[in-house]
Amino acid sequence: MTTTYGPLSVWGVIVAGGVATFAIRLSFVHLFGRVDDVPPWLERALVYVPAAVLAALVAPSFAPASATVSAALAPDYLPELCGGLAAVLAAWYTEDVLWTVAAGMAALHLARFLL
């Protein structure tokens, strides 16, 4: 892969990203023990972080790189969609991680076998 940017620009972006990541992590280490309580509005927002991270990790496996609906519903991706739907329904019905994973995997493998 070629780029029109020079090596100095590329390394500058890499170093800036590394410094920014380090600064974010250092800020939490620095603030640990100095902040006694978290504001209620921040606690309400932080409740959604695990679900958002999980969705960001899992969602790309259910859709192809092309973001069209017709490509996502192609037969190649149907087993993954079936497994994802079964996992969502199991999570909603049981609220148990083990049953969610088991239902998703069972539906995925059953759909791969049948389709």
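Read the figures in this text as sums done on the coordinates, not as results from a lab. What you see is a predicted model, and the numbers here were worked out from it, not measured in a lab.
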Grab the Cα-Cα distance for TYR93 and TYR77, subtract it from 0.36 nm times how many residues apart they are, and report the gain in nm with one decimal.
3.3 nm
Fully extended, how many nm does the chain gain between VAL15 and ASP37 (0.36 nm per residue separation, minus their Cα-Cα distance)?
4.6 nm
Taking Cα atoms, the helix 97-114 axis meets the longest principal axis of the chain at an angle in degrees (rounded to 10) of 50
What full-extension length gain, to one decimal in nm, is calculated for LEU114 and ALA55 as 0.36 nm per residue of separation minus the Cα-Cα distance?
18.5 nm
